[in-house]
Amino acid sequence: MKFLISDKIEEKGILKLKEKGQVEVETSLSKEELKNRIPKYDAIIVRSGTTLDEEVLSCADNLKVIGRAGVGVDNIDIDAATKKGIIVINAPEASTISVSEHTLGLLMASARNIPQANSSLKDEKWEKSKFLGEEVYEKTLGVFGLGRIGSEVAKRARKLGMDVLAFDPYISEERANELGIDLSIKEKVIEEADFITTHVPLTEETRHLISSEEFDRMKDDATILNVARGGIVDEEALADAIKEGKIKGAALDVFEEEPPFGSELLEMDEVIVTPHLGASTEEAQVNVAVSIANQVLDALEG
Ligand code: NAD
């Protein structure tokens, strides 16, 4: 079997494939080079850097599997692949724990103003009273989307002594009960939560799921977290809500435009930010590479 790895993946995934066939790692191919080379491979592994459009796939005469080491498959023309009988596989579960832990990190960081206090002390200021924080213990966490990441966040929050209320119209009461979490209606989650975290996919339905109407209903001291996708939280409405004192602040890992340079949110003390770091851990990188290698091999070996 011949494999092409056209975007960088962690070595452990490459070794798995090497046990079963010939692996070539070429991470800077132009579109023309890719078109010329792709006919000889049985499988290709990409991240987001390689575009597999109809033109490239039309040359992929022996390709049986495309492995996307990660979640989003926007760089792959799924229809063109399907027409050629090529299976497309991704690895959405590999970063679940990392993203959940990052969410908890942002939750604690915003409750205790850790990033702001860090910057202040490094500016040689000792502003103890300015950074009076709050406990998360016995506070309510509202979770939008109780899928892979939302459930892990909810489990961890309960272990911190938080009450968890969740809104997810697509999961059963049974599944929520297994997790020991109360499913609720959107309005109740919005109105009762002290911290609200979103873990839904970005779709037409979820774009601006949290916008002015929701900010109006939130507690004045609520904090909103978005570690899912930019666009789920309406950034303009968020900035207005903070300025008008409708909520306390926000913690954001993802943005409507990335990087969000020029956004007024970056100027606000009440907003803490990270540059889309949710899945950026050594473990997630290994998990994603090994998971995609195993799945590609399973697909090829039937
Ligand atoms: P998942 O598919 O397992 O879970 C999504 C959940 O959202 C599902 O249970 C679904 O029923 C629910 N849902 C869908 N529409 C909804 C709506 N309108 N209201 C409430 N719930 C709704 O997905 P996941 O793996 O848990 O990923 C969640 C999010 O995290 C995605 O947006 C994903 O892109 C994002 N993500 C971010 C990073 C990062 O680096 N920050 C990394 C990986 C994933």
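A few remarks follow.
- Hydrodynamic radius (Kirkwood) for the chain, which is based on Cα pairs only, to one decimal in Å: 21.1
- GNM flexibility winner over the chain from ILE196, ILE87, ILE224 (Cα, springs under 10 Å): ILE87
- Using θ = phi - 60° and Karplus 6.51 cos²θ - 1.76 cosθ + 1.60, couplings along the stretch 190-202 (whole Hz; Gly, Pro as x): 4, 7, 9, 7, 8, 10, 10, 10, 10, 9, 10, x, 7
- Range of Cα positions in the stretch 33-176 per principal axis (Å), largest first: 66, 48, 18
- Calculated P(r) tail over 19 Å for the stretch 1-79, as whole % of Cα pairs: 27
- Sparsely packed chymotrypsin sites (Phe, Trp or Tyr not before Pro) within the stretch 120-199, loop by DSSP, other Cβ within 10 Å at most 16: TRP126, PHE131, TYR137, TYR170
- Packing-based order for 264-275, 289-300, using average beta carbon neighbours within 10 Å, highest first: 289-300, 264-275
- In the stretch 190-302 the Cα-Cα distances spread across 10 Å bins starting at 0 as 14, 39, 25, 13, 8, 2 percent of all pairs.
- Restricting the GluC sites (Glu not before Pro) of the stretch 169-216 to loop positions (DSSP other than H, G, I, E, B) with no more than 14 neighbouring Cβ atoms within 10 Å leaves GLU204, GLU205.
- Fully extending the segment from SER129 to GLU55 would add 20.5 nm, taking 0.36 nm per residue of separation and subtracting the current Cα-Cα distance.
- Highest average first, the peptides 246-256, 33-43 ordered by how many other beta carbon atoms sit within 10 Å of their residues are 246-256, 33-43.
- Restriction of the GluC sites (Glu not before Pro) in the stretch 64-135 to DSSP coil positions whose beta-carbon has at most 14 other beta-carbons within 10 angstrom yields GLU93, GLU124, GLU127, GLU135.
- Under 23 Å from the Cα of LYS186 - lysines, other chains or at least 8 residues apart: LYS139, LYS155, LYS219, LYS246, LYS248
Read-outs throughout are calculated quantities, based only on the coordinates presented, and are distinct from any laboratory measurement. Predicted model only: the values in this text are computed from it and were never measured. Ideal geometry is used to build each Cβ from the backbone, glycine not excepted, and the neighbour counts take in all protein chains shown.
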